[in-house]
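The values are calculated or read from the model by the stated rules, or taken from the named source; none is laboratory data. Note that the structure is a prediction, hence the values are computed from the model and not measured. For neighbour counting, all protein chains shown are included, and Cβ atoms are generated from backbone atoms with ideal geometry for every residue, glycine included.
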Amino acid sequence: MMFARPGAARPSAYRVWSRCTLLPLALALLSACSGRGTPDDASASGADWPLYGSDLDADHYSPLDEINQANVGELGLAWHHDLTSMGSTYTSPIAVDGILYFAQGYSVIHAMDARTGKELWVYDPDVTSVAGNKMRAAWGVRGIAYWDGKIYTGTADGRLIAIDTQTGAEVWSAQTTEGPDDGRYISGPPWVFDGKVAIGHGGADFDLVRGYVTTYDAKTGKQLWRFYTVPGNPADGFENEAMEMAAKTWKGEWWNYGGGGTAWNAMAYDRKYNRIYIGTGNGTPWNARARSPGGGDNLFLCSIIALDADTGEYIWHYQVNPGETWDYNAAMDIELADLEIDGETRSVLLHAPKNGFFYVIDRESGKLISAENFVPVNWAEKIDLETGRPVENPDARYKDKPFAIAPSQAGGHNVQPMSFSPKTGLTYIPAQDIQSYFSDEGVETENWKPSKVMGYISALTPAAPSIPLPDASYFLTAWDPVGQKERWRYPLPNGWGGGAISTGGNLVFIGKSDGKFVALDATSGKQLWEFDAQTGISGQPVTFEVDGEQYLTILTGYRGLFSPSPWDYRTQKRRVLTFKIGGTDSLPPVEAGPPAPFAPDTTLKVNPAIASRGEEVFMSSRCASCHGVSLMSGGAAPDLRKSNIPHSTETLTQVLRGGALLANGMPVFPELSDDDILALRHFIARESSKAAKAKPGQDVRPNLTIQQ
């Protein structure tokens, strides 16, 4: 094993492990001689899957058809690889010239022989030592990208890094954010196009952030252009005419709050028009009355923005939610297609954002062609095709009373990728029907004060109205973008599962939260094949070809948020699974055993008032991002109700303030006082006792209201 550390001249720390030094070099030379230099070249035949969305159109589709409806029943496990790290596998791999690449946890990049699963090298950017508070986002990265012999990844601390595919060594690193305390972090994939690489960032949910996208030279890391997605302080001048135009749609002193509009996920490159499309997120804070008193559309929140790919100059925009106030961001998939509409071939953009409507938009002009809801919607009656604006339900803005909104802030479609198949003409959307209450009762919207701890929301609270919300449902919908109607629906188990891909074999593949990996008939939705992965799946599969054989790979390991999950952080298996026709590998039997018991703190007499204060600390410090609302961990972090660490103030303090588990990905919270930590102990003890006393199968989740 070779271990290498950078010299002092390196811009950032990293680690590289290399296993079997000759094999990766030989495979890399084969890659260099193949003539595949760009994602466009590499994915045209479907042999490779070089980008998060497969190709530049970002349609999550492969034309490969060796695995098809007729033989998918013969699909078997070719090999599996157990990952020893507990880092998140909520991510999608890529595959180029027989080598599989993926990120785990805090952007730790793995390279493996796609034929055998032999690990070639591992690159660790050492994020936990430099990310500080940005680790509290805790997502890792959902995907990486390949171009011209380099792997590109973002990091939670805001770096964009290029890695040599031959050696696993860093080629260049660019700091894309403005400092350790700017609240920006990267959780989405880089987008490579025409020798350039673009990256956005997240942060508007948790801090006072102004969104932007930056594009770099893919060879050198030199910054080429930056486009801000919301305007800054007019007194400082505007970067361009687009920002001057956008500023006219804001009121008050929004720049003091950052504004939001982060481009934390979706983009797509349009070869026909040489444009890059950017999907933007919610505002800071969510509540429009606090963010922009006096109203206004608040451009370019919750929008798709078309920019010149060479210069970053604004061309057009389409805003899905003017004056957005529900976290209905437009950062979900942007997929490009050519569709036959009214007898004419149209170059279109397909988009299914959180707000529950499916949009078909003309790529040349940005004009809306059609929009219909793909899940139940009550915040708007329809989308007006003449103006492109929603016809809103006035009650949905919860000005005078709480409103049970559909879909909830979790969206009708969230970050799990959808897939468009040019073979069937259908879009396959991992959808969900969820409602939640919104209320600003007791919130000073006119005198809202920004918080560096949590900039978007005052609380997630169980103080919901007495009328219970309907149960949530999850499903994969096959949506006809021309007819704007559902063609079939496949039910999914509760909780977020993985993303969908479609193939030339007329198949759709998706991993589910219950641990089943399935293949469906892309035309009818009939399930044709199933594999028990033994743990929940949060990521997206990919398919590729090596030596004339089609392979299929998915990472397993579950990362839930808001609902109870059977997948324990410590015991669930995180694996790489690769399949092919006739594969004969198998997973070892599951080691059966009783689940770890809840561990109430019998040494502490819970004070209800202090416990309530502890819940406020828990939510405002972003602990729920990993440990779950009301401590109901979904596999992203340990279930604190089963932990003995909170039983000791000293031990809990060492973890929270001393960084005792920093190397494991547990952030530090130096701002927490002794009283805060004691309050957390009371809150955890309360919830542990409640869970221990609950009957088997009893749902102890709170009925949540979003208070703004």
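Here Val377 meets the list (1) under 29 Å from Ile276 (Cα atoms); (2) in contact with a Phe, Trp or Tyr (Cβ under 9 Å, 6 or more places away or on another chain); (3) in a loop (DSSP other than H, G, I, E, B) almost entirely, failing just condition (1). Counting only strands (runs of 3 or more DSSP E) that sit wholly inside the stretch 260-359, those with at least 2 residues that are in contact with a Leu (Cβ under 8 Å, 6 or more places away or on another chain) are 267-270, 275-279, 314-319, 334-341, 344-351.
Could you tell me whether any residue of the stretch 193-208 is in a strand (DSSP E or B), in the same structural domain as Glu324 (by TED's automatic domain parsing) and free of Cβ contacts under 8 Å to residues at least 24 places away in the same chain? No: the stretch 193-208 contains no residue that is in a strand (DSSP E or B), in the same structural domain as Glu324 (by TED's automatic domain parsing) and free of Cβ contacts under 8 Å to residues at least 24 places away in the same chain.
Ala306 - would you say it is touching a Lys or Arg at 6+ places or on another chain (Cβ under 7 Å), under 30 Å from Tyr146 (Cβ atoms) and of a type in the set (A, V, I, L, M)? Against the criterion (touching a Lys or Arg at 6+ places or on another chain (Cβ under 7 Å), under 30 Å from Tyr146 (Cβ atoms) and of a type in the set (A, V, I, L, M)), Ala306 qualifies. Comparison of Arg574, Arg570 shows that the only residue that is in contact (Cβ under 8 Å) with a residue 24 or more places away in the chain, of a type in the set (Lys, Arg) and touching a strand residue (DSSP E or B) at 6+ places or on another chain (Cβ under 9 Å) is Arg574. Answer yes or no as to whether Thr155 is polar (S, T, N, Q) and farther than 22 Å from Gln416 by Cα. Here the answer is no, as Thr155 does not meet what is asked. Within the stretch 98-105, is even one residue at pLDDT below 95 and assigned by TED's automatic domain parsing to the domain that holds Lys196? There is at least one residue in the stretch 98-105 that is at pLDDT below 95 and assigned by TED's automatic domain parsing to the domain that holds Lys196.
Conditions (1) buried (at least 20 other Cβ atoms within 10 Å of the Cβ); (2) at pLDDT 90 or above; (3) more than 30 Å from His60 (Cα to Cα), marked per residue:
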| position | (1), (2), (3) |
| --- | --- |
| Arg397 | no, yes, yes |
| Val415 | yes, yes, no |
| Ser419 | yes, yes, no |
| Phe438 | yes, no, yes |
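Does Lys367 satisfy being surrounded by fewer than 19 Cβ atoms within 10 Å (Cβ to Cβ), at pLDDT below 95 and assigned by TED's automatic domain parsing to the domain that holds Glu340? Step through it out loud before you land on a result.
Details: surrounded by fewer than 19 Cβ atoms within 10 Å (Cβ to Cβ): yes; at pLDDT below 95: no; assigned by TED's automatic domain parsing to the domain that holds Glu340: yes.
No, not satisfied.
Applying the criterion of at least 3 residues that are modelled with pLDDT of 90 or more and on the phi < 0 side of the Ramachandran plot to the helices (runs of 4 or more DSSP H) found wholly in the stretch 606-691 leaves 608-620, 649-656. Whenever a residue of the stretch 276-303 is free of Cβ contacts under 8 Å to residues at least 40 places away in the same chain and of a type in the set (D, E, K, R), it has no partner that is surrounded by fewer than 24 Cβ atoms within 10 Å (Cβ to Cβ) and assigned to a strand (DSSP E or B) lying with C-beta atoms less than 7 angstrom away and at least six residues away or across chains.
Residues in the stretch 179-192 that are within 24 Å of Arg275 (Cβ to Cβ) and not in a loop (DSSP other than H, G, I, E, B): Trp191, Val192.
Checking each residue of the stretch 641-651 against the condition of being buried (at least 20 other Cβ atoms within 10 Å of the Cβ) and among the hydrophobic types (A, V, I, L, M, F, W, C) gives no match. Scanning the stretch 115-137 finds one or more residues that are among the aliphatic types (A, V, I, L, M) and over 25 Å from the mean Cα position of the chain (by Cα). As a summary of the residue check, Lys272 satisfies the conditions (1) at pLDDT below 95; (2) more than 25 Å from the chain's Cα centre (by Cα) except for the one numbered (1).
Tell me whether the stretch 552-562 contains one or more residues that are surrounded by 19 or more Cβ atoms within 10 Å (Cβ to Cβ) and among the basic types (Lys, Arg). The answer is yes, given that some residue of the stretch 552-562 is surrounded by 19 or more Cβ atoms within 10 Å (Cβ to Cβ) and among the basic types (Lys, Arg). Lys516 - would you say it is without any contact (Cβ under 8 Å) to a residue 40 or more places away in the chain, under 29 Å from Ser408 (Cα atoms) and among the basic types (Lys, Arg)? So Lys516 fits the description; yes.
Listed by first and then second residue, the pairs with beta-carbon distance under 8 Å, at least 6 apart or on different chains, first residue in the stretch 56-76 and more than 9 Å from Thr503 (Cβ to Cβ), second part of a strand (DSSP E or B) and of a type in the set (Val, Ile, Thr), are Ala58/Ile334; His60/Ile501; Glu66/Ile581; Asn71/Ile581; Glu74/Ile581; Leu75/Ile581; Gly76/Ile581.
The single condition among (1) aromatic (Phe, Trp, Tyr); (2) surrounded by fewer than 24 Cβ atoms within 10 Å (Cβ to Cβ); (3) over 30 Å from Gly658 (Cα atoms) that Phe227 does not satisfy is (2).
Taking the options Tyr61, Tyr101, Tyr146, name whichever one is under 24 Å from Phe579 (Cβ atoms), touching a Leu at 6+ places or on another chain (Cβ under 8 Å) and aromatic (Phe, Trp, Tyr).
Within the list Tyr61, Tyr101, Tyr146, the selection yields Tyr146.
The residues on offer are Gly76, Gly46, and the sole one that is at positive phi, assigned by TED's automatic domain parsing to the domain that holds Gly140 and at pLDDT 90 or above is Gly46. Taking the stretch 486-516 as the range and being among the aromatic types (Phe, Trp, Tyr) and buried (at least 24 other Cβ atoms within 10 Å of the Cβ) as the test, the residues that pass are Trp496, Phe509. Within the stretch 49-71, being surrounded by 21 or more Cβ atoms within 10 Å (Cβ to Cβ), out of contact with any Gly (no Cβ under 6 Å at 6 or more places or on another chain) and hydrophobic (A, V, I, L, M, F, W, C) holds for Trp49, Leu51, Leu56, Ala58.
Name the single residue, out of those in the stretch 465-485 being within 12 Å of Ala431 (Cβ to Cβ) and small (Gly, Ala, Ser), that is surrounded by the fewest Cβ atoms within 10 Å (Cβ to Cβ). Across the stretch 465-485, the extreme among qualifying residues is Ser473. Counting only residues that are of a type outside the set (D, E, K, R), surrounded by fewer than 20 Cβ atoms within 10 Å (Cβ to Cβ) and under 30 Å from the mean Cα position of the chain (by Cα), the stretch 667-694 holds 3 of them.
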